[in-house]
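This report concerns only the one structure given below.
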Amino acid sequence: MHKSVLLESCINNLNLKDDSVIVDCTLGYGGHSSEILKRISKGYLFAFDQDSEAISYSRKKLSEIGNNYEIINSNFVNIKSELNSRNIKKVDGILYDLGVSSPQLDVADRGFSFHQDAKLDMRMNKNQVLDAYQVVNNYSYDKLVDIFYKYGEEKYSRSIASGIINSRPITTTLELVEVIKSNVPEKYRREKHPARKVFQAIRIEVNNELEVFEKSLKDSLDLLNIGGRICVITFHSLEDKICKEIFKSVTEIDDALKKLPVIPSEYLPKFKVIKTVIPSKQELEENTRARSAKLRIIERIG
């Protein structure tokens, strides 16, 4: 079953109090949410997810702990509008766990896994139109090269894209794996699974993950109370870079103002970076999913 990454570090760094109002932007199978709910008996939890299977599983799990929560069936890009519509203007903590949950990977027919055969899909929200099949079979050579290189940091983007164009139509995950394998060098195939980066890139494209995350994180900063914290768990360098740059932009003083003997209070940063956490040796041994995880924490101070 799905094991939440950096669970303890997240819970400890959210600074939970009995009456905290917390948002879990990535409910998934309720690993983080259930631990949060146990610690906010007088508070409230809002949890976002767009995966109906994850929601029904987590609803049962959370209801055994308390009833002071609401699951919002929506993409976390809508965090501000969804909370505002419930008359919530400020919260005490927000959590993002940007990994794909194990059950999504394990359920073959979702098409996320390069180890199991399934129709090309990869949609987090099953109601949306764009899926992996359309990306693989309809995108131009240049567009495929671009997303493989940008979202997957795949050095053989060009040869893989060529192989895909020449093999269309490709309907299943394992068909795609075979095309990828036959368009990269033998040595590369031995190093790591050659489809890993391409599958990651297609998943990011299908779900528009990076733009969605960037907008949501900026909105989340506006929603924080003073003393409130945001915890973000990323799993690859692109998400981490977005997080790091947004945190940097709100915690640094403008260079032009640094020369002033006294900086007016309205120009002082409203946030401070608390720390960055990586999984312990023990967690890495117990949970292989944690190997690329990184947790960044920021607090509103003004």
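Computed from the coordinates by the stated procedures, all read-outs in this text should not be read as laboratory data. The structure presented is a predicted model; accordingly, all values stated were derived computationally and were not measured. Neighbour counts are summed over all protein chains in view; Cβ atoms, including those assigned to glycine, are modelled from backbone coordinates with ideal geometry.
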Pairwise FRET efficiency - Glu64 versus Gln116, Cβ, R0 = 25 Å, nearest 0.05: 0.20
If each DSSP helix of 4+ residues adds -39,500 (n - 2.57) and the sum is divided by the residues in the chain, what number results at 222 nm, nearest 500 deg cm²/dmol? -12500 deg cm²/dmol
Distance check, please: which entries in Lys80/Lys258; Lys241/Lys275; Lys60/Lys215; Lys218/Lys270 exceed 23 angstrom between their Cα atoms? Lys80/Lys258; Lys60/Lys215
Given contacts defined as C-alpha pairs under 8 Å and at least six residues apart, what's the relative contact order of segment 105-207, whole-number percent? 33
Projected-area mean, segment 36-171, by convex hull of Cα positions, square nanometres: 10.4
Testing the spin-label approximation: label points 7 Å from Cα along Cα→Cβ at Ile165 and Glu153. State their distance in nm. 2.7
Relative to the first principal axis of the alpha-carbon coordinates of the chain, what is the inclination of helix 237-251, with its axis defined by its Cα atoms, in degrees from 0 to 90 and to the nearest 10? 20
Mind putting a number on the dipole of the chain about its Cα centre? Charges go on the C-beta only, +1 for Lys and Arg and -1 for Asp and Glu, and I need it in Debye to the nearest 20. 500
Relative packing of 284-296, 142-154, 59-71, which averages over residues the other C-beta atoms within 10 Å, highest first: 142-154, 284-296, 59-71
How much FRET efficiency would the formula 1/(1 + (r/R0)^6) give for Ser182 and Gln128, where r is the Cβ-Cβ distance and R0 is 45 Å, rounded to 0.05? 0.90
Which part of segment 182-197 falls in the paramagnetic zone of Ser292, meaning amide N under 14 Å from the point 7 Å along Cα-to-beta-carbon? 192-197
Diffing segment 150-165: the Karplus 3J(HN,Hα) column from phi (6.51, -1.76, 1.60, θ = phi - 60°), in whole Hz with x for Gly and Pro, holds 6, 8, x, 6, 8, 6, 9, 3, 5, 5, 5, 4, 4, x, 5, 4
Average Cα contact separation per residue, the chain, under 8 Å, 6 or more apart, as relative contact order %: 19
Multiplying the sequence separation of Ile263 and Lys215 by 0.36 nm and subtracting their Cα-Cα distance, what value in nm do you get? 14.3 nm
